[in-house]
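Chemist: What follows is a single structure, and I will ask about it in a moment.
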Amino acid sequence: MNGSLYDDTREPDKMTEDLFRHDSYLKACDAVVTGVDDDAIILDRTVFYPMGGGQPGDIGTISWDGGSASIIDTRYAERGAIRHILAEDSARPEAGDAVQVELDWDRRYRHMRMHTALHLLGSVLQYGVTGGSISAEKSRLDFDMQDAVDKEELNSALRALVEENHVVSCRWITDEELAAQPDLVRTLSVQPPKGAGKIRLLEIEGVDLQPCGGTHLHTTGEVGQVRIGKVENKGKHNRRFNIHLDD
Ligand SMILES: [Zn+2]
């Protein structure tokens with residue numbers, strides 16, 4: 001195959017089906033290679049989350065008849081194709097090959113715990129969110145706030161939400177349905193996409209409801225041992241809360 005696939009005009013059959021968005025607990029899947037470029041493989045479907053919304057791209061392995069390689073990052077390309085970036089000088093499959101991809105599940109599951117914990121933090125601190133970032137070791141959420149905060153109270157509130165084991169679920173609504181409910185759009189940093197037709201809402205029953213495309217847990221109890229770390233002032237209107245998983 002010459003050139004990169006995602007430079008082509010948009011064709012639905014060249015987009016990557018995002019299995020992770022419908023079931024975040026899928027660890028592996030079979031797929032077919034639809035494109036190969038200098039350092040990445042594009043598949044017809046994948047369980048790998050592409051970097052976005054503050055959450056890193058997944059890593060793992062890809063294997064095929066006669067070979068395998070490490071996937072060191074996952075990114076969106078244009079037009080809905082998802083690039084699985086391979087380690088330098090890796091062997092690689094060819095377009096049309098059947099492959100299997102498997103996540104580094106331990107890392108991804110920590111991302112899901114962190115991501116869900118940040119939703120809980122956002123529900124406890126009712127301020128506009130100005131930014132955020134997730135990693136397996138440490139995550140953070142920034143708020144437009146100047147009020148004093150009691151870190152121990154905050155820790156207790158966060159842990160109570162974990163212990164209460166709220167159900168977490170996703171649903172899709174149309175642009176029109178969202179437009180009729182402007183309160184849904186609480187975050188300042190990530191506005192829901194306009195004109196996409198459908199928007200994915202993340203609901204933590206009785207706790208939080210907002211547009212989000214990330215990977216989450218099924219229940220808040222799975223967040224486990226979470227702790228507020230450093231609270232930093234990052235500008236007059238910006239306070240950063242770091243969180244950690246203690247296991
Ligand atoms: Zn989310």
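Chemist: When you scan the stretch 35-88 for strands (runs of 3 or more DSSP E) that lie fully inside it, which ones turn up with 1 or more residues that are within 27 Å of Glu137 (Cα to Cα) and open to solvent by 30 Å² or more (accessible area, probe 1.4 Å)?
Modeler: 60-64, 67-76, 82-86
Chemist: Please go through the stretch 178-192 and give me each residue that is open to solvent by 70 Å² or more (accessible area, probe 1.4 Å) and modelled with pLDDT of 65 or more, ordered by number.
Modeler: Ala179, Ala180, Gln181, Pro182, Asp183
Chemist: Provide a single number: the residues in the stretch 152-177 that are assigned to a helix (DSSP H, G or I), under 29 Å from Arg107 (Cβ atoms) and open to solvent by 80 Å² or more (accessible area, probe 1.4 Å).
Modeler: So the first thing to find is which residues in the stretch 152-177 are assigned to a helix (DSSP H, G or I), and the list is 152-163, 175-177.
Retained after the next criterion (residues that are under 29 Å from Arg107 (Cβ atoms)): 154-163.
Okay, now just the ones that are also open to solvent by 80 Å² or more (accessible area, probe 1.4 Å), so 159, 163.
Qualifying residue count for the region: 2.
Chemist: Within the stretch 220-247, how many residues turn out to be surrounded by fewer than 17 Cβ atoms within 10 Å (Cβ to Cβ) and over 17 Å from Phe143 (Cβ atoms)?
Modeler: If we filter the stretch 220-247 for residues that are surrounded by fewer than 17 Cβ atoms within 10 Å (Cβ to Cβ), which is where we start, we get 221-222, 224-225, 227, 229-238, 242, 244, 246-247.
Remaining after also requiring over 17 Å from Phe143 (Cβ atoms): 221-222, 224-225, 227, 244, 246-247.
Residues meeting the conditions: 8.
Chemist: Would you point out the residue of the stretch 195-235, among those that are small (Gly, Ala, Ser) and within 12 Å of the ligand (Cβ to nearest atom), that is modelled with the lowest pLDDT?
Modeler: Checked the stretch 195-235; the qualifying residue modelled with the lowest pLDDT is Gly213.
Chemist: Of the residues Arg113, Arg45, Arg83, Arg107, which single one is away from the ligand (no atom under 16 Å from the Cβ), closer than 26 Å to Leu217 by Cα, within 13 Å of the chain's Cα centre (by Cα) and among the charged types (D, E, K, R)? Spell out how you get there, then give the answer.
Modeler: On the way: Arg113 fails: away from the ligand (no atom under 16 Å from the Cβ); Arg45 fails: within 13 Å of the chain's Cα centre (by Cα); Arg83 fails: within 13 Å of the chain's Cα centre (by Cα).
The unique qualifying residue is Arg107.
Chemist: Among the numbered criteria (1) buried (at least 18 other Cβ atoms within 10 Å of the Cβ); (2) under 22 Å from Asn233 (Cβ atoms); (3) modelled with pLDDT of 95 or more, which one does Tyr109 miss?
Modeler: Among (1) buried (at least 18 other Cβ atoms within 10 Å of the Cβ); (2) under 22 Å from Asn233 (Cβ atoms); (3) modelled with pLDDT of 95 or more, the lone unmet condition for Tyr109 is (2).
The values are calculated or read from the model by the stated rules, or taken from the named source; none is laboratory data. Here the structure is a predicted model, which means the values were calculated and not measured. Positions of Cβ are backbone-derived with ideal geometry, glycine not excepted, and every protein chain shown enters the neighbour counts. To get the accessible areas, we keep the full protein, side chains included, count just its heavy atoms, and leave off ligands, DNA and RNA. Shrake-Rupley method; radii C 1.70, N 1.55, O 1.52, S 1.80 Å.
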